[in-house]
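Remarks on the structure that follows.
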Amino acid sequence: MILAERYHDISCGHRVVGHEGKCRFLHGHNYRIHFTVAADQLDEVGRVLDFSVIKTALCQWLEEHFDHKFLIWEKDELLPQLQEVSGESLVIVPFNPTAENIAQYLVEHIGPQQLKEYPVRLVSCKVEETAKCSAIYSL
Ligand SMILES: [Zn+2]
């Protein structure tokens, strides 16, 4: 297996339901999200996949769906109130939006959807909330 990686930076709000500390409050991060794509063999040029394809298939998806938006869990008790004041900036997700759950969602749902036309798969995603704190989900 051969891997290729590209990262993308987005700004995004969230809160972590059930967090014992300040992460339960509405806040945001300048996320750095690393995508690792795998192929069983290189293409005729010698690549896993052109890096520009990772950009258009995965980084662009982040730009369109998460960047400058607020991720909120569908079961968050604050959802109805937030929908009243900022409905269009909310992204309602089926998970508590921790870095771990975001990484898993991207690998399990967005990777297969966005890369289905290519002979590669998204095998890992690293979500950095800060330069010091990150989570990785790998197949
Ligand atoms: Zn946070």
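Bear in mind that the values in this text are calculations on the coordinates, not laboratory data. The structure presented is a predicted model; accordingly, all values stated were derived computationally and were not measured. Please note: Cβ atoms are built from the backbone with ideal geometry, for glycine as well, and neighbour counts cover all protein chains shown.
Some notes on this structure:
- Across segment 77-84, rounded Karplus estimates of 3J(HN,Hα) from the backbone phi angles (6.51 cos²θ - 1.76 cosθ + 1.60, θ = phi - 60°) give 5, 7, 3, x, 5, 5, 5, 5 Hz, Gly and Pro being marked x.
- Size of charge dipole - the chain - debye, nearest 20, with Cβ of Lys, Arg +1 and Asp, Glu -1, no other charges: 320 debye
- CD proxy at 222 nm, helix term only [per DSSP H run n ≥ 4: -39500 (n - 2.57); per residue of the chain; nearest 500]: -4500 deg cm²/dmol
- Residue-wise HN-Hα couplings along segment 5-14, as the Karplus relation 6.51 cos²θ - 1.76 cosθ + 1.60 with θ = phi - 60° gives them from phi, are 9, 8, 10, 9, 9, 9, 10, 8, x, 6 Hz; Gly and Pro carry x.
- Amide proton proximity set for PHE95, modelled H, under 5 Å, gap of 5+: GLU74
- Total lysine pairs whose alpha carbons fall under 22 Å of each other in the chain (8 or more apart, or interchain): 8
- Unit Cα scatterers, Debye sum, segment 2-138: log10 I(q)/I(0) for q = 0.13 Å⁻¹: -0.56
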